[in-house]
Amino acid sequence: MNWLDEVTWDANGLVPVIAQEYDTGRVLMFAWMNREALQLSSETNQAVYWSRSRNKLWRKGEESGHVQKIHEIRLDCDEDVILLKVEQVGGIACHTGRHNCFFKTLKDDNWVVDQPVIKNPDEIYKNE
């Protein structure tokens, strides 16, 4: 059996993926992969995701240069969630220019931004 066959894919052929900083353990982002994205990620040691909004492969950092170098790929106990332990090149994982995508915290029934923008997204994504 191929290792990809052991992953439990959803009805759309996707599996949820958590990207975690390998050295700090900090969760950077959440995304989806299809079979091809997971295969390419394994072969290249760089994160490749499936963009549901664009309906195509998304090579993390293809526009920004903020690639994710994979140190380890893990499968959870139910075989339906992937954990990538990555090195976030450039220190920016989020398209908003922040270190990670989880920059809002719930305080007194309000979402409060608690992380600064490291780089203005307009400087990162020239063509959007």
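Derivation of every value follows stated rules applied to the coordinates shown; laboratory data play no part. All values reported here derive from a predicted model rather than from experimental measurement. Heads up, the Cβs are rebuilt from the backbone with ideal geometry, glycines too, and the neighbour counts pull from every protein chain shown.
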Spacing of the two label points (7 Å from each Cα toward its C-beta) at residue 102 and residue 42, in nm: 2.6
Cβ-defined net charge surrounding residue 50, 13 Å radius [Lys, Arg +1; Asp, Glu -1]: +4
Nonlocal amide H pairs with residue 94, under 5 Å, H built at 1.01 Å: 100
From phi via Karplus (6.51, -1.76, 1.60), per-residue ³J(HN,Hα) for region 12-21 in Hz, x at Gly/Pro: 9, x, 10, 9, x, 9, 10, 9, 10, 5
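Helix-only estimate, please: 222 nm mean residue ellipticity of the chain, summing -39500 (n - 2.57) across DSSP H runs of length 4 or more and dividing by its residues, to the nearest 500.
Here the helix-only value at 222 nm equals -2500 deg cm²/dmol.
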Under 14 Å from the residue 80 label point (7 Å along Cα→beta-carbon), backbone N, region 1-41: 7-17
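Using only the alpha carbons of region 3-51, what is the convex hull's orientation-averaged projected area in square nanometres?
3.8
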HN-Hα J in Hz across region 38-54 - Karplus 6.51, -1.76, 1.60, θ = phi - 60°, x for Gly and Pro: 5, 4, 5, 4, 5, 6, 9, 6, 10, 5, 10, 10, 10, 7, 6, 6, 9
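How charged is the neighbourhood of residue 83? Take every other residue with its Cβ under 10 Å from the Cβ of residue 83, and add Lys/Arg as +1 and Asp/Glu as -1. Walk me through the intermediate numbers first.
Values: positive: 74, 85; negative: 72, 76.
Computed value for this residue: 0.
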Beta bridges by DSSP in region 3-95, antiparallel share as percent, to the nearest 5: 80
Segment residue 4-residue 95, extension gain: residue separation times 0.36 nm, minus the distance between their alpha carbons: 29.9 nm
Near-label residues of region 88-117 by backbone N, under 12 Å of a point 7 Å along Cα→Cβ of residue 69: 88-91
Rh by Kirkwood over Cα pairs, then Stokes-Einstein D for region 3-95 at 0.692 mPa s and 37 °C, µm²/s: 251
Amide H contacts of residue 67 (H built 1.01 Å from N, under 5 Å, at least 5 apart or other chain): 89
